[in-house]
C-alpha cells in the first residue's frame, strides 16, 4: 500500500502547477504527509530556518522573542516551507507560506500572500473561522471547522489585534501564514486511545466528550480480543460503543 501511495504522490507532483505556475496544495494529501513522501517528490529539498510565532512572555519563550525552528524548502513549491517533523512517524505537522506564495491552499481556496490583507482573509472564510487574538502584536489565529488552523503573521502595528478593528482595516497586510493540520495531532494524541463508535459511526474523542450523558441510551465497552474481533486493528486499544436516545 505504501508503494502505491508513493507512486500517487509522484504523479501528483507533476500536476501541482497550472500553466501560470500557480502552486496547487489541494492536490496533496496532507493527512498524512511524511518527510519521506516529500523527498520522493523532490530529492533536492533543503533544510532552512523558519521564524516561528512569537509566543510572548506567557508561553514558550520567556522574553517574547520569536522561536526559530527548521523546515524544508522545495523547488516544486515556491513560497512553501514544510516544518521539520519532530515525531517518530516523521509526519509533517504544518506548513509555512511566505509572501512568495501564490496558488491554492489545501482546502482549495486561492490565495496570494503578497496581496492578502487580514480583512480579505476574514471575508474569505467568513463564519467558518473562530478568531483568537494573540497577545503578540503581529499574530492571530483563525481556526477552521475542517481541522486546518491558520495563523496569520501581519506587519507590525501598535494597535492590539482585534477582530472588529482588523476586519475594517483593509490596508493591514499579511506577511506570512502557517497552516496546522489537526490530523497530525490526532494521529499522535490518539495513538493509544480507544475507538469511539456512536450510533454505528466512528467519531473522535473530542466529539465523544461533548455528548450529554442524559442523551445516552446504552454504553458498551469492548476490550482486547473482543474489540479486535469486531473492529479489527482499529479496536486494538478497546472500543466504546454508544447508542443515543432518539
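A few comments on the model shown:
- Residue within region 29-51 that is modelled with pLDDT under 60 and assigned to a helix (DSSP H, G or I) present: no
- Strands (runs of 3 or more DSSP E) contained entirely in region 89-133, each with at least 1 residues that are modelled with pLDDT of 80 or more and surrounded by 15 or more Cβ atoms within 10 Å (Cβ to Cβ): 94-97, 102-104, 110-112
The values are calculated or read from the model by the stated rules, or taken from the named source; none is laboratory data. From a predicted model like this one, the values you see are computed outputs, not experimental measurements. Methodologically, a virtual Cβ is constructed for each residue, glycine included, from the backbone with ideal geometry; neighbour enumeration extends over all protein chains shown.
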